[in-house]
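To start, the structure itself, in structure tokens.
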């Protein structure tokens, strides 16, 4: 056994150091299955002290490393190169402290998102950020990617709910960012917010202090079906223009509805609808009642085919079941799924969706759409066979055009999934060399040797060389496919 691996075994024991090719298979990619690479090794620390000790060993050996949670990331963020060691933090899953008076909790990074709400539910509290993968994704991964979710329209992203973090830096030293009193002291730089969304390239958060929210007095969930996607999008605009701030505004297109209704996530959505709009309201009972009436009026003005309203937990759960299970339902359509997360201004949703449909038709890919309509955060999903090089090439080419469309419409290439390796060749759609140089200097303060999750988020020379293979490969495969 190589010297480094032997040292890791002495530190953690043989059961928590994985090196065999078969054992490493589960860590070869995340939810972005286009890029795959088995790491050099995987280690399973269970405490801050163990993370520190591992990182110090790796620093002494000048070996790169990648922090990883549940692996539900959709941009290749926790996918390691063959020379890197993965620090899998899934065993660090304790809720360390709950403060009901000050409304915060201290958790380890491996705590599953939904499990935190389950731990405080009896106290009338919850953790607001709720990615669709919340039953499996971890708070540490959410912090690394600044994840959102259906309720981020009203409640904000992960960054808005993290107060402090204990971080192991790439040399093994510890840093404390923020405090339970707030993420930034008066006159200081908000390092907690800077760390949030850094995609594991600044260090490893081993304790995270998050805000807790009190449960609202009343919650109502409404679902309307429409004959056209245009009508659904316009209804969203009407609701927001009326001054309402729903907890969630979610749209599913017809292809998604049919996939959901044919799956175990069946929710009773009308399969003949071109789109369904899910609206959730919460707050004082009297206010929610008035807002529900306004939402129903907006549905009617835009020709809703059918309207449902749920006020009890079971009915609400049923209406949400299809939305939360939408990505899982896509498994019925093909072997692989490419989930994009481009953003456009809410006023340009109709234009964006029309363009996305045209791009899908141009490349001959199977496209579905489910998205956070209130934020303009789109999730075009392309189902494809990852074993088919030509199909994969068409999928990547379509994705590139979709993200360019989002930027051209005044939006962004990523709303919540991050850059990872997926979007390294897309970053320059938004940023020039001067912008990227500033970002690289900021990262170098935290990660001067670029050993902490190297080749992610910013198109460094090595990352560019790697990511450049994909556009070139895509172009070659597409040329070969259409060659007579």
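Only the coordinates and a few stated rules stand behind these numbers; no lab work does. Owing to the predicted nature of the structure, the values given are computational and were not obtained by experimental measurement. All Cβ positions, glycine included, derive from the backbone under ideal geometry; neighbour counts span all protein chains shown.
Under 11 Å from a point 7 Å along the Cα-to-Cβ line of residue 118: which residues of segment 142-182 have their amide N that close?
It comes to no residues whatsoever.
For n ≥ 4 DSSP H runs only, could you compute -39500 (n - 2.57) per run for the chain, divide by its residues and tell me the 222 nm figure to the nearest 500?
When only DSSP H runs of four or more count, the value is -11000 deg cm²/dmol.
Per the Cauchy relation, a quarter of the hull surface: what is the mean projected area of the convex hull of the alpha carbons in segment 155-209, in nm²?
3.9
So, in nm, how far is label residue 335 from label residue 366 when the simple model puts each one 7 Å beyond its Cα toward the Cβ?
Taking the two extended label points, one gets 1.3 nm.
Kindly express, to the nearest 10 degrees and within the range 0 to 90, the angle between helix 48-61's C-alpha long axis and the longest C-alpha principal axis of the chain.
Approximately 60 degrees, to the nearest 10.
Under the 0.36 nm per residue contour assumption, what length would be gained going from the current alpha-carbon distance of residue 358 and residue 49 to full extension?
Details: separation 309, 0.36 × 309 = 111.24 nm, distance 5.26 nm.
My answer for the length gained is 106.0 nm.
In degrees, nearest 10, range 0 to 90: what is the angle between the Cα axis of helix 229-241 and the longest Cα principal axis of the chain?
Compared with the principal axis, the helix lies near 90 degrees.
Which percent of Cα pairs goes in each bin when the distances of segment 25-109 are cut into 10 angstrom slices starting at zero?
For segment 25-109, the binned pair fractions read 17, 41, 28, 11, 3 percent.
Taking every pair of distinct Cα atoms and averaging 1/r, then inverting, what Kirkwood hydrodynamic radius in Å comes out for segment 95-214?
Evaluated on segment 95-214, it is 14.1 Å.
Using a Förster distance of 22 angstrom, determine the FRET efficiency expected from the C-beta separation of residue 241 and residue 286, and round it to 0.05.
Working: r = 23 Å, r/R0 = 1.03.
Once rounded, the FRET efficiency stands at 0.45.
Determine the percent antiparallel among the DSSP beta bridges restricted to segment 3-88, to the nearest 5.
Among the beta bridges of segment 3-88, antiparallel pairing accounts for roughly 20 percent.
Can you put 403, 24, 252, 366 in order of Cβ neighbours within 10 angstrom, beginning with the fewest?
On the way: 403 25, 24 19, 252 29, 366 16.
Result, fewest neighbours first: 366, 24, 403, 252.
Under a crude label model (7 Å from the Cα following the beta-carbon direction), how far is residue 228 from residue 272 in nanometres?
With each label point 7 Å from Cα toward Cβ, the separation is 1.9 nm.
Between segment 281-319 and segment 185-256, what is the separation of their alpha carbon centroids in Å?
The two parts, judged by their Cα centres, are 18 Å apart.
Alpha carbon centre of segment 26-50 versus segment 114-141: separation in Å?
23
When only alpha-carbon atoms are used, what values of Rg and Dmax, in angstrom, describe the chain?
Both quantities, over Cα of the chain: 22.6, 71 Å.
Between residue 174 and residue 100, 0.36 nm times their residue separation minus their Cα-Cα distance comes to what?
The span from residue 174 to residue 100 would gain 23.9 nm if fully extended.
At residue 312 and residue 25, where each label point lies 7 Å from the Cα along Cα→Cβ, what is the point-to-point distance in nanometres?
Rounded to a tenth, the inter-label distance reads 4.7 nm.
How would you rank 359, 208, going from fewest to most other Cβ atoms within 10 Å of each one's own Cβ?
Numbers: 359 21, 208 29.
Ranking 359, 208 by Cβ neighbours within 10 Å, fewest first, gives 359, 208.
When the convex hull of the C-alpha atoms of segment 334-482 is computed, what volume per residue in Å³ does it have?
On the way: hull volume 18.0 nm³, N = 149.
Cα-based convex hull of segment 334-482, divided per residue, equals 121 Å³.
Is any residue of segment 59-80 close enough, with backbone N under 19 Å, to a label point placed 7 angstrom from the Cα of residue 449 along the Cα-Cβ axis, and if so, which?
59-68, 80
Compute the normalised compactness of segment 240-290: alpha-carbon radius of gyration over 2.2 N^0.38 Å, N being the residue count.
Dividing the Cα Rg of segment 240-290 by 2.2 N^0.38 Å gives 1.43.
Output the Cα-based Rg and Dmax of segment 144-250 in Å, rounding Rg to one decimal and Dmax to a whole number.
Rg and Dmax of segment 144-250, Cα atoms, are 18.6, 58 Å.
So what are the radius of gyration and Dmax for the Cα set of segment 68-156, in Å?
Cα only, segment 68-156: 13.9, 47 Å (Rg, Dmax).
Hey, what angle do you get for helix 285-301 against the long axis of the chain, alpha-carbon based, 0 to 90 degrees rounded to 10?
In the chain, helix 285-301 runs at an angle near 70 degrees to the longest axis.
Quick one: work out the % antiparallel among DSSP beta bridges in the chain, nearest 5.
90
Sort 150-163, 27-40, 410-423 by the packing proxy (mean of other Cβ within 10 Å over each peptide's residues), most packed first. Walk me through the numbers on the way to the answer.
Values: 150-163: 21.8, 27-40: 19.7, 410-423: 23.6.
Ranked by mean Cβ neighbours within 10 Å, highest first: 410-423, 150-163, 27-40.
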